[in-house]
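**Q** I am attaching a structure below and will ask some questions about it afterwards.
The values are calculated or read from the model by the stated rules, or taken from the named source; none is laboratory data. As the structure is a prediction and not an experimental result, all values here were calculated from the model. Neighbour counts are summed over all protein chains in view; Cβ atoms, including those assigned to glycine, are modelled from backbone coordinates with ideal geometry. Side chains included, ligands, DNA and RNA excluded: accessible areas come from the protein's heavy atoms. Shrake-Rupley method; radii C 1.70, N 1.55, O 1.52, S 1.80 Å.
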Amino acid sequence: TICMCLTGSVACINSPIIARELMRLGAEVIVTMSKAATELINPSLMHWATGNPVITKLTGAVEHVFLAGDRPNHLGKADLILVCPSTANTISKIANGIDDTPVTTVVSTAFGSFIPIVIVPAMHASMFHPIIERNLSKLKECGINVLGPRLSEGKAKIAKVDDIIDKV
């Protein structure tokens with residue numbers, strides 16, 4: 001089971017394709033979206049792509065604990081958290097322990113439960129600067145896997161779909 005977390009990068013247009021490819025390989029995919037991601041693609045598209053309801057806000061049902069809760073007690077459903085795409089904003093929040101969106105709260109919960117996390121950055125090249133690079137290094141030091149970005153055409157682009165699937 002993969003919890004696929006989408007943030008507000010236009011690269012989230014690749015998300016249905018990535019989800020479907022993971023499902024073809026036998027994964028169940030549950031999607032969590034930040035508000036910024038929902039302004040780029042409709043959660044209904046990801047519901048259609050995965051067959052699972054999409055989490056766009058946290059409620060009294062404590063969705064973050066359901067997905068990424070205390071693994072030693074087998075409360076968490078997710079075997080891996082995939083933050084794809086991840087904006088500079090989300091990378092910085094995760095690196096500094098800020099969990100104020102459904103995505104960052106799921107990641108924070110997963111980190112505390114020792115669930116593997118893969119972050120796939122995507123942003124304009126001018127936003128991929130030393131602060132973000134330091135935050136990515138900080139995440140790597142904490143055991144989070146980072147894939148990309150690909151620097152091309154003035155952008156720090158999302159990794160190629162095949163590379164994402166292979167990493168997962």
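**Q** Please state which one of I132, I158 is touching a helix residue (DSSP H, G or I) at 6+ places or on another chain (Cβ under 8 Å) and free of Cβ contacts under 8 Å to residues at least 60 places away in the same chain. First the steps, then the outcome.
**A** Working: I158 fails: free of Cβ contacts under 8 Å to residues at least 60 places away in the same chain.
Answer to the check: I132.
**Q** Run L151 past the list (1) part of a strand (DSSP E or B); (2) aliphatic (A, V, I, L, M); (3) surrounded by 17 or more Cβ atoms within 10 Å (Cβ to Cβ) and report the number of the one that doesn't hold.
**A** Going through the list (1) part of a strand (DSSP E or B); (2) aliphatic (A, V, I, L, M); (3) surrounded by 17 or more Cβ atoms within 10 Å (Cβ to Cβ), L151 breaks only (3).
**Q** Can you pull out every residue in region 95-105 that is under 16 Å from A36 (Cα atoms) and either assigned to a helix (DSSP H, G or I) or open to solvent by less than 10 Å² (accessible area, probe 1.4 Å) (or both)?
**A** The first filter runs over region 95-105 and keeps only residues under 16 Å from A36 (Cα atoms), leaving 99-105.
P102, V103, T104, T105 - these are the residues of region 95-105 that are under 16 Å from A36 (Cα atoms) and either assigned to a helix (DSSP H, G or I) or open to solvent by less than 10 Å² (accessible area, probe 1.4 Å) (or both).
**Q** For region 10-61, enumerate the residues that are of a type in the set (S, T, Y), under 14 Å from the mean Cα position of the chain (by Cα) and not in a helix (DSSP H, G or I).
**A** If the condition is that a residue be of a type in the set (S, T, Y), under 14 Å from the mean Cα position of the chain (by Cα) and not in a helix (DSSP H, G or I), then T32, S34, T56 are the ones that fit.
**Q** Something else about it: All but one of (1) open to solvent by 60 Å² or more (accessible area, probe 1.4 Å); (2) within 13 Å of the chain's Cα centre (by Cα) hold for M127; state the number of the condition that does not hold.
**A** Among (1) open to solvent by 60 Å² or more (accessible area, probe 1.4 Å); (2) within 13 Å of the chain's Cα centre (by Cα), M127 violates only (2).
**Q** Please work out which residue is nearest to L67 (Cα to Cα), limiting yourself to region 109-148 and to residues that are assigned to a helix (DSSP H, G or I) and β-branched (V, I, T).
**A** Filtering region 109-148 down to residues assigned to a helix (DSSP H, G or I) leaves 109-112, 125-127, 130-141.
In the following step, the residues that additionally are β-branched (V, I, T) were identified as 109, 131-132.
Values: T109: 9, I131: 30, I132: 27 Å.
Among those residues, the one meeting the criterion is T109.
**Q** Quick one: in region 154-168, which of the residues that are in a loop (DSSP other than H, G, I, E, B) and within 19 Å of T7 (Cβ to Cβ) is most open to solvent (accessible area, probe 1.4 Å)? Explain how you work it out, then say what you get.
**A** Taking region 154-168 and keeping what is in a loop (DSSP other than H, G, I, E, B), we get 154, 158-160, 168.
Narrowing the set further to residues that are within 19 Å of T7 (Cβ to Cβ) leaves 158-160, 168.
Details: I158: 16, A159: 7, K160: 115, V168: 53 Å².
Looking at the filtered set, the residue picked out is K160.
**Q** Which condition does H64 not pass, out of (1) part of a helix (DSSP H, G or I); (2) open to solvent by less than 30 Å² (accessible area, probe 1.4 Å); (3) more than 20 Å from I18 (Cα to Cα); (4) at pLDDT below 85, if it passes all the others?
**A** (2)
**Q** For residues in region 150-159 being under 16 Å from V10 (Cβ atoms) and not β-branched (V, I, T), which is modelled with the lowest pLDDT?
**A** Going residue by residue through region 150-159, those that are under 16 Å from V10 (Cβ atoms) are 150, 152-159.
Then keep just the ones that are not β-branched (V, I, T); that gives 150, 152-157, 159.
On the way: R150: 88, S152: 84, E153: 85, G154: 79, K155: 83, A156: 86, K157: 88, A159: 93.
Selected residue: G154.
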